[in-house]
Every structure is written in structure tokens, then in C-alpha cells.
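To start, the structure under review is shown below, and the notes come after it.
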Amino acid sequence: MIRMVSLFSNPDANALTWTIYFIFPILMAIMGIVQLIASYFSYEKGTRIMRNCSVFLQAFSIIVFTATRQPYATVLLFLFFMIKVILLIKSSKLN
């Protein structure tokens, strides 16, 4: 049976699932902010570490949202992930 409900009105979501739904986007935003700060102060090692952690966290978030059957969040995260990968490839070719 296929049901279409929004992320916030999902009757199958328990407390752990709700926590995951809110923690992953917040962590990705925090990592992005820290990466911007590290690049602003020209801290190359921190920028590289945060970039790698951000890619892995976003890939893991895609897997989690796919496993919890959230197609809209999965598609949106996947599109952002593809943009991020393309930009990382272009920036590595410039260096």
C-alpha cells in the first residue's frame, strides 16, 4: 500500500526517527559553517577534514532517508550531493 504523507505527519515515525530527521540536516549545516570559517582563515587542514566529513555525512544521510522511505528528502539531498561532488571535482582540477 502506498501512502503519501509529509515528513512531519508520518504516523510510522518514532522518537529515534524524529531525532534523525532533525539531527542530520542540522549537522550538515554546522559542518558547512565550520568549513566556511576554516576556509576564511586559510586553515587548509581543517577545510580538508571538514570537506571529507561533510561528504561522508551527506552520503550517510541519503542512505538513512532512503531507508526510512522519505523520497522527497532523499531526492533533495541527492541533488545537493551531486552539486557538491561536481564542485569538488572542478576545484580539484583547478589546483
Residue list for region 74-95, filter: of a type in the set (S, T, N, Q) and open to solvent by 90 Å² or more (accessible area, probe 1.4 Å): N95
How many residues does region 10-25 contain that are under 19 Å from L76 (Cα atoms) and open to solvent by 90 Å² or more (accessible area, probe 1.4 Å)? 1
Considering only residues of region 35-45 that are part of a helix (DSSP H, G or I), farther than 16 Å from F80 by Cβ and open to solvent by less than 100 Å² (accessible area, probe 1.4 Å), which is modelled with the highest pLDDT? I37
Filter pass, M82 being free of Cβ contacts under 8 Å to residues at least 60 places away in the same chain, among the hydrophobic types (A, V, I, L, M, F, W, C) and out of contact with any helix residue (DSSP H, G or I) (no Cβ under 7 Å at 6 or more places or on another chain): yes
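One line per residue, one yes/no per condition, for (1) exposed (fewer than 12 other Cβ atoms within 10 Å of the Cβ); (2) assigned to a helix (DSSP H, G or I):
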residue	(1), (2)
L27	no, yes
I33	yes, yes
T47	no, yes
V55	no, yes
T66	no, yes
R69	yes, no
Y72	yes, yes
Hey, could you check region 61-95 for residues that are small (G, A, S) and within 11 Å of the chain's Cα centre (by Cα) and say which is modelled with the highest pLDDT? S61
Filtered residues of region 66-79 (kept if free of Cβ contacts under 8 Å to residues at least 24 places away in the same chain and in contact with a helix residue (DSSP H, G or I) (Cβ under 7 Å, 6 or more places away or on another chain)): T66, T74, L77, F78
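The values are calculated or read from the model by the stated rules, or taken from the named source; none is laboratory data. Remember, predicted model here, so these are calculated numbers, not experimental data. Cβ sites come from the backbone with ideal geometry, for glycine too, and all protein chains shown count toward neighbours. Heads up: the accessible areas ignore ligands, DNA and RNA and are worked out on the full protein's heavy atoms, side chains in. Shrake-Rupley method; radii C 1.70, N 1.55, O 1.52, S 1.80 Å.
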